[in-house]
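The values are calculated or read from the model by the stated rules, or taken from the named source; none is laboratory data. Source: prediction; values computed, not measured. Every residue, glycine among them, receives a Cβ derived from its backbone with ideal geometry; neighbour counts consider all protein chains shown.
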């Protein structure tokens with residue numbers, strides 16, 4: 001395997017050969033990732049091996065919030081949305097699916113999430129698991145499912161930062 | 001009114017060529033022109049906006065969830081291991 005490098009998506013990247021074994025993830029990268037980025041709705045990072053896409057991850061912001069209810073019922077209830085950084089998609093090309101590349105890319109995404117929260121407030125990292133296997137992958141690395149949704153998992157940014165400090169100094 | 005009631009209009013003008021190609025594609029997909037335009041536009045909108053960005057909970061669930069976040073921060077052993085994996089160099 002030749003050297004891998006992490007870059008932010010640009011119009012110059014060739015996305016046509018990507019095959020993550022999931023059409024939804026392939027189509028989103030090919031057809032929507034650049035438009036989302038240009039509209040400042042998501043940032044996508046590619047792992048390249050030479051010029052081929054080995055993996056990608058897209059980051060955006062979001063929130064966890066309570067449903068809206070009529071004012072007269074809402075008194076005394078917590079109402080403020082919790083700002084989040086969302087790892088919306090993380091996918092690895094079939095040719096790289098045994099090299100822990102997904103885990104390494106998750107680590108890079110979490111480093112960026114921690115940096116982002118140094119600059120602007122975000123309380124949680126939320127991940128969007130596309131299926132049961134993906135949810136298991138995130139649980140394996142310490143994420144916890146949100147109530148009533150096994151495919152959305154989270155961790156406090158503070159926990160991520162503490163884990164990062166220990167992992168890099170350990 | 002139910003949120004699924006189609007009570008709003010979007011008016012769009014198209015060229016002859018756009019009209020022809022859209023009608024042909026809708027026919028090929030076995031859809032009416034309206035259904036075809038709506039499904040295409042909605043798919044693109046949802047993909048662009050990442051529709052799942054905001055996670056909405058009932059008040060009771062949200063209150064419990066928010067309270068649990070007050071626990072002191074802790075290093076997560078599994079996540080600490082994750083950060084020990086080899087870095088991917090950034091360009």
Qualifying positions in segment B:65-76 - more than 7 Å from chain A (Cβ to nearest Cβ) and farther than 11 Å from residue A:156 by Cβ: B:67
Check A:90, A:86, A:153 and return the single one that is under 27 Å from residue A:18 (Cβ atoms), touching a residue at least 24 places away in the same chain (Cβ under 8 Å) and within 7 Å of chain B (Cβ to nearest Cβ). A:86
Residues within segment A:93-127 that are modelled with pLDDT under 95, under 22 Å from residue A:30 (Cβ atoms) and surrounded by 15 or more Cβ atoms within 10 Å (Cβ to Cβ), tallied: 2
Can you give me the ranges of the helices (runs of 4 or more DSSP H) entirely in segment B:8-91 with at least 3 residues that are surrounded by 13 or more Cβ atoms within 10 Å (Cβ to Cβ) and in contact with a helix residue (DSSP H, G or I) (Cβ under 6 Å, 6 or more places away or on another chain)? B:33-49, B:77-82
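Collect the residues in segment B:65-87 that are within 29 Å of the chain's Cα centre (by Cα) and over 20 Å from residue A:139 (Cβ atoms), keeping them in residue-number order.
Passing the criteria: B:66, B:67.
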Could you check residue A:54 against (1) within 28 Å of residue B:56 (Cβ to Cβ); (2) within 13 Å of another protein chain (Cβ to nearest Cβ) and say which number it fails? (1)
Whether any residue in segment A:156-163 is within 17 Å of the chain's Cα centre (by Cα), assigned to a strand (DSSP E or B), touching a residue at least 60 places away in the same chain (Cβ under 8 Å) and buried (at least 23 other Cβ atoms within 10 Å of the Cβ) is what I want to check. no
When residues of segment A:100-128 are filtered for being more than 8 Å from every other protein chain (Cβ to nearest Cβ), more than 18 Å from residue A:144 (Cα to Cα) and assigned to a loop (DSSP other than H, G, I, E, B), how many remain? 2
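Any residue in segment A:74-82 that is within 16 Å of the chain's Cα centre (by Cα) and crowded, with 20+ Cβ neighbours inside 10 Å? Please lay out each step first, then the result.
We begin by selecting, within segment A:74-82, every residue within 16 Å of the chain's Cα centre (by Cα); these are none.
No, every residue in segment A:74-82 fails to be within 16 Å of the chain's Cα centre (by Cα) and crowded, with 20+ Cβ neighbours inside 10 Å.
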Counting just the residues of segment A:1-26 that are away from chain B (no Cβ under 12 Å) and in a helix (DSSP H, G or I), which one comes out farthest from the chain's Cα centre (by Cα)? A:23
Give me the residue from segment A:73-88 that is part of a loop (DSSP other than H, G, I, E, B) and in contact with a strand residue (DSSP E or B) (Cβ under 9 Å, 6 or more places away or on another chain) and, out of that set, modelled with the highest pLDDT. A:81
Check off (1) loosely packed, with under 15 Cβ neighbours inside 10 Å; (2) more than 10 Å from every other protein chain (Cβ to nearest Cβ); (3) in contact (Cβ under 8 Å) with a residue 12 or more places away in the chain for residue A:29 and give me the number that stays unchecked. (1)
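Just for segment A:43-72: of the residues that are over 29 Å from residue A:156 (Cβ atoms) and surrounded by fewer than 15 Cβ atoms within 10 Å (Cβ to Cβ), which one is modelled with the lowest pLDDT? I'd like the intermediate steps shown before the answer.
Taking segment A:43-72 as the starting set, the residues that turn out to be over 29 Å from residue A:156 (Cβ atoms) are A:48-54, A:70-72.
Checking which are surrounded by fewer than 15 Cβ atoms within 10 Å (Cβ to Cβ) leaves us with A:50-51, A:70-72.
Values: A:50: 92, A:51: 93, A:70: 67, A:71: 67, A:72: 64.
So, considering only residues that are over 29 Å from residue A:156 (Cβ atoms) and surrounded by fewer than 15 Cβ atoms within 10 Å (Cβ to Cβ), the one modelled with the lowest pLDDT is A:72.
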